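Structure, as structure tokens:
The values are calculated or read from the model by the stated rules, or taken from the named source; none is laboratory data. Owing to the predicted nature of the structure, the values given are computational and were not obtained by experimental measurement. Glycine also receives a Cβ, built like all others from the backbone with ideal geometry; neighbour counts cover every protein chain displayed.
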Amino acid sequence: MRSFVLRITDEGRRALSLAEPKANAVGALLLFAIPRTQQAAFVACLESLVSALETPTGKRARRPTRRPAINARRMGAVRSI
């Protein structure tokens, strides 16, 4: 097992402080697009996904060897113009 110690530089801290408000704004926009009654469930699903992809040591869980194909058009994610 490997472990790494990372330290953020002053430049990295500045970049992070500039990026955080933008990331928070995107998160708010995503939640705004979902009915208020479904927002908590959406956030819970995202948290569940993160937990499923990480082990207790913080390493990513092993990915499945084959992912099922998803038809985005059939799922309603792609609309014809």
>> For the range 1-42, which positions are without any contact (Cβ under 8 Å) to a residue 12 or more places away in the chain, over 17 Å from the mean Cα position of the chain (by Cα) and outside any helix (DSSP H, G or I)?
In response: ARG2, SER3, PHE4, VAL5, LEU6, ARG7, ILE8, THR9, PRO35
> Residues in the range 21-38: is at least one small (Gly, Ala, Ser) and modelled with pLDDT under 90?
Replying inline: no
